[in-house]
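The values are calculated or read from the model by the stated rules, or taken from the named source; none is laboratory data. Please read these numbers as outputs of a predicted model, since none were measured by experiment. Counting neighbours? That spans all protein chains shown, and the Cβs are built from the backbone with ideal geometry, glycine included. Keep in mind that these areas ignore ligands, DNA and RNA; they rest on the heavy atoms of the full protein, side chains included. Shrake-Rupley method; radii C 1.70, N 1.55, O 1.52, S 1.80 Å.
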Amino acid sequence: MLIDAHAHFWQLGRHGCTWPTPDLTAIHGDRVPDDWQRNVAASGVSGVVAVQSQTDDRDTDWLLDLADAHACVAGVVGWVDLLADNAPARIAHLAARSALKGLRPMLQDLPEDDWILQPALERAIDAMQAHGLCFDALVRPRHLKVLKVFAERHPDLPIMIDHAGKPDIAHGRLEPWRGDMAALAALPNTHCKLSGLVTEAGANWHARDLAPFVDHLLATFGPHRLLWGSDWPVVDMASDYIHWFQLAESLTHLGDEDWAAVFGGNATRFYRLSPKQGNA
């Protein structure tokens with residue numbers, strides 16, 4: 001089964017949705033599972049992990065409702081205020097819904113690069129581990145060293161690096177991203193998403209701009225800890241769904257077994273996805 005490990009849904013002005021803003025014309029509008037299915041039709045992808053895009057409890061509740069209503073939504077990575085007094089209780093409440101697979105604080109938008117190292121988070125992280133949830137890390141290269149410290153502190157917490165840590169592809173800047181990602185890849189509890197790269201590549205990008213970054217991800221994480229994701233609909237700001245799917249295939253040049261892992265098997269295993277029955 002082919003799985004898109006990273007896509008977003010939103011309804012502007014509802015469920016706490018305040019982003020995307022009107023200046024992002026390519027993606028400013030409602031995006032729901034029916035829209036996703038129309039975009040993926042030519043790819044053969046049949047399941048998706050819906051990832052939060054708003055820092056609001058209502059958004060996570062809505063995504064879980066979508067998973068209940070649409071068989072294509074195989075899992076949800078939601079959001080919780082991990083510093084809130086009621087964070088452990090909220091996590092326990094959400095984890096009772098089988099579609100919830102992980103949580104994602106939006107680290108890239110926080111003023112403190114070392115936010116995830118504060119002791120006040122430990123109660124929430126312990127609750128995540130107690131309920132078998134994964135931690136999606138939305139980070140930029142400046143966060144990678146801190147993320148390594150966090151991953152070492154929590155060796156039993158499965159950690160997913162979203163969008164390959166958003167390397168500076170537009171300027172061809174491999175270092176220090178290359179070394180920091182290799183250090184993270186050396187930790188067995190880390191995985192990485194092959195997603196979001198075209199939006200980091202700047203205007204007039206070419207496949208050759210992405211190639212050294214993809215090569216490094218394969219060399220360090222290998223084909224069994226790397227997950228393909230579309231980052232739809234954000235991908236529409238720089239490309240489109242099918243183009244990115246085909247480009248990822250050509251850049252990874254994998255054999256059948258490894259291709260099946262990167263484009264579905266790894267997501268199924270990492271997020272503990274299972275076949276669903278319900279409405280399409």
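Side notes on the structure shown:
- A87 being open to solvent by 10 Å² or more (accessible area, probe 1.4 Å) and among the small types (G, A, S): no
- Qualifying residue in region 71-79 (condition: free of Cβ contacts under 8 Å to residues at least 60 places away in the same chain, in contact with a Ser or Thr (Cβ under 6 Å, 6 or more places away or on another chain) and open to solvent by less than 10 Å² (accessible area, probe 1.4 Å)): yes
- The set of residues in region 159-174 being closer than 24 Å to E112 by Cβ and more than 13 Å from the chain's Cα centre (by Cα) consists of P167, D168, R173.
- All conditions but one from (1) farther than 22 Å from V235 by Cβ; (2) surrounded by 14 or more Cβ atoms within 10 Å (Cβ to Cβ); (3) of a type in the set (S, T, N, Q) apply to S53; the one that does not is (1).
- Members of region 244-258 that are in a helix (DSSP H, G or I) and open to solvent by 70 Å² or more (accessible area, probe 1.4 Å): Q246, S250, D256, E257
- Scanning region 129-158 for residues that are hydrophobic (A, V, I, L, M, F, W, C) and more than 17 Å from the chain's Cα centre (by Cα) yields A130, V146, V149, F150.
- Count of region 1-45 residues which are among the small types (G, A, S), assigned to a loop (DSSP other than H, G, I, E, B), surrounded by 16 or more Cβ atoms within 10 Å (Cβ to Cβ) and out of contact with any Lys or Arg (no Cβ under 7 Å at 6 or more places or on another chain): 1
- Matching residues in region 56-70 - criterion: being outside any loop (DSSP other than H, G, I, E, B) and either surrounded by fewer than 21 Cβ atoms within 10 Å (Cβ to Cβ) or small (G, A, S) (or both): D57, R58, D61, L64, D65, L66, A67, D68, A69
- Residue within region 212-227 that is open to solvent by less than 40 Å² (accessible area, probe 1.4 Å) and assigned to a loop (DSSP other than H, G, I, E, B) present: yes
- Total residues in region 164-196, condition under 14 Å from R142 (Cα atoms), of a type outside the set (A, V, I, L, M, F, W, C) and open to solvent by less than 10 Å² (accessible area, probe 1.4 Å): 2
- Members of region 151-162 found to be touching a Cys at 6+ places or on another chain (Cβ under 9 Å) and open to solvent by less than 40 Å² (accessible area, probe 1.4 Å), listed by number: L157, I159, M160, I161, D162
- Lone qualifier among G179, G78 - being under 20 Å from G229 (Cα atoms) and of a type in the set (G, A, S): G78
- Qualifying residue in region 100-114 (condition: more than 17 Å from the chain's Cα centre (by Cα), in contact (Cβ under 8 Å) with a residue 12 or more places away in the chain and crowded, with 20+ Cβ neighbours inside 10 Å): no
- L82 being surrounded by fewer than 19 Cβ atoms within 10 Å (Cβ to Cβ), among the hydrophobic types (A, V, I, L, M, F, W, C) and not in a helix (DSSP H, G or I): no
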